[in-house]
1. Please compute the contact order of the chain in relative form: average sequence separation of alpha-carbon pairs under 8 Å and at least six residues apart, divided by the residue count, as a percent.
2. On C-alpha positions alone, give me the angle between the axis of helix 4-18 and the longest principal axis of the chain, in degrees, nearest 10.
3. Can you order the peptides 39-47, 176-184 by their average number of other Cβ atoms within 10 Å per residue, highest first?
4. Show me 4-13, 243-252 ranked by packing, highest mean number of other Cβ atoms within 10 Å first.
5. Using the Kirkwood radius built from alpha carbon pairs, what does the Stokes-Einstein equation give as D for the chain at 4 °C and 1.567 mPa s, in µm² per second?
6. Among Gly140, Gly103, Gly78, determine the one that fluctuates most according to a GNM of the chain built with springs between C-alpha atoms less than 10 Å apart.
7. Apply the Karplus parameterisation 6.51 cos²θ - 1.76 cosθ + 1.60, with θ equal to phi minus 60°, to every residue of segment 39-48 and state each ³J(HN,Hα) to the nearest whole Hz, in sequence, with x for glycine and proline.
8. With just the Cα atoms defining each centre, how far is segment 215-266 from segment 1-68? Give it in Å.
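We did not get these values from a lab; they are worked out from the coordinates using the rules stated. This is a predicted model, so every value here is computed, not measured. FYI the Cβ positions are ideal-geometry reconstructions off the backbone, even for glycines, and counts take in every protein chain you see.
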Amino acid sequence: MPELPEVETVMRGLMPRLEGRVLAHVEARRPDLRWPLPEGFAARLAGRRVIGLRRRAKYILVDLDDATSWLIHLGMSGRMLLSNGGDPVLERHDHVVLRTDEGWWLRFNDARRFGMMDLWPTADVENHRLLAGIGPEPLGNAFSGASLEASLEGRHTPIKAALLDQRVVAGIGNIYACEALHRSGISPKRLALNVRGSRAEALAGAVGAVLADAIAAGGSSLRDHRQTSGELGYFQHSFRVYDREGEPCPKDGCRGTIQRLVQAGRSTFYCPSCQR
């Protein structure tokens, strides 16, 4: 599933073509994705001008001129693909298609249909059932070692599991939890409540750094992720531990070997020699 860097990359790709533009034509080619689309979905979007785009956790929010926000989640395989220069050739899994007044086409392609879309009042969007209770943005000013330590207080789960809890910090998934823990030298098996002080500071810094690096690389394309141009992301070539079981640890001076363990049904990759 796309994590924060992939969603951020898609949002940034959409911004130049959608912000300030009118959605001149909107077509919903099926009534549902993961869940049913809102009643009158296409008609409610058609003719609206896009005020701005933003990201909250793993969701894209498109704010419209009628004080409504178009909420988008890419799911497992969703792609937002831009094109111009004539009507696009539509594919089987192009479920939502729109054209702006500038002539750019946007296709939401989702083979597995785990993505979702909704329309919600902009002033109340933070209270949407999918956004309410989500923790701080890891690239925002509200996220720090101190705030992370406070969120982890009393949690007896492993720190890797805690990082995947969207109530602790927004947008982090399996890949970037593994990578941030390696950068900070913290074992994924360490109990969350024991990540305090300098460890919490190191982890918060590592989370921000790995996410920023991944965004700069266009995200990670392991299977489905594509940028809005259709281009792959490239951060998978910079993984230090994720999916590198049996390979030497890349940390300078460490002679350890990357290992894999299963935590809460998810693969965790780490170096037992330098992560404590």
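1. Value for the chain: 18 percent.
2. 30
3. Highest mean packing first, the order is 176-184, 39-47.
4. Ranked from most to least packed, the peptides come out as 4-13, 243-252.
5. Calculated translational D: 66 µm²/s.
6. Of the options given, Gly140 has the highest mean-square fluctuation.
7. With the stated coefficients, segment 39-48 comes to 4, x, 3, 5, 5, 6, 7, 4, x, 7 Hz.
8. Comparing the Cα centres of segment 215-266 and segment 1-68, I get a distance of 29 Å.
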